[in-house]
Amino acid sequence: MGSAESRVPEGEQQVSTPTQPSDEDRRKHLDFIQAVVTRMSAASSSAKGWLLPVVTATFGFALVQHSRAVTLLGLAAVVLFMFLDANYLRQERAYRRLYDTVARGTRAVPQFSLDPSEADDPIPASAGWRERVKTVIGRWVPAWSVWSSWSILPFYGALLLIGVGIYIRAVIT
């Protein structure tokens, strides 16, 4: 049956004390997080790769046919892919924060957790509703620093400018 010290009274759960993860566990955790960052980066690159033929086809057809509707379709594709790519970058940055937190050990992160919010400061109980809404929205909508990133704004901004130019040409002719 076991000794009296090893038995847990009925109705109570045995709670283990948190232990410091081993170096091997920490390395494996960092490998998991790095794999997510790598997938986000590949997805971002893939989004750009899919957008180029779509935009080339729509803008090319719009130029030949002087079609405003097709130009707007191409512009909508650019905006859609821009939002998708910005979200990949936002998520990638969140996972990089988680990576840094685990690597430095500055905050207690559950072992093998892939939840990037573990690296963020919790919302204080004294926070007002505006701060809470801003935090929740920030988890879904990229901040200006993401939109203005060198991998988002120059690439998609150039395509948007080209699309607007094609739209103006279609209106004039």
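The values are calculated or read from the model by the stated rules, or taken from the named source; none is laboratory data. This is a predicted model, so every value here is computed, not measured. All Cβ positions, glycine included, derive from the backbone under ideal geometry; neighbour counts span all protein chains shown. To get the accessible areas, we keep the full protein, side chains included, count just its heavy atoms, and leave off ligands, DNA and RNA. Shrake-Rupley method; radii C 1.70, N 1.55, O 1.52, S 1.80 Å.
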message: Restricting to segment 87-124, and then to whatever is assigned to a loop (DSSP other than H, G, I, E, B) and of a type in the set (Gly, Ala, Ser), can you tell me which residue is surrounded by the fewest Cβ atoms within 10 Å (Cβ to Cβ)?
response: 108
- prompt: Quick one: how many residues across segment 61-86 are polar (S, T, N, Q), in contact (Cβ under 8 Å) with a residue 60 or more places away in the chain and either buried (at least 20 other Cβ atoms within 10 Å of the Cβ) or part of a helix (DSSP H, G or I) (or both)?
  reply: 1
- prompt: Among the residues of segment 125-167 satisfying the criterion of being open to solvent by 50 Å² or more (accessible area, probe 1.4 Å), assigned to a helix (DSSP H, G or I) and of a type in the set (Ser, Thr, Tyr), which is nearest to residue 41 (Cα to Cα)?
  reply: 145
- line: Checked against (1) outside any loop (DSSP other than H, G, I, E, B); (2) touching a residue at least 24 places away in the same chain (Cβ under 8 Å), residue 58 satisfies every condition except (2)
One residue from 20, 14 being modelled with pLDDT under 80, assigned to a loop (DSSP other than H, G, I, E, B) and either touching a strand residue (DSSP E or B) at 6+ places or on another chain (Cβ under 7 Å) or farther than 26 Å from residue 100 by Cα (or both): 14
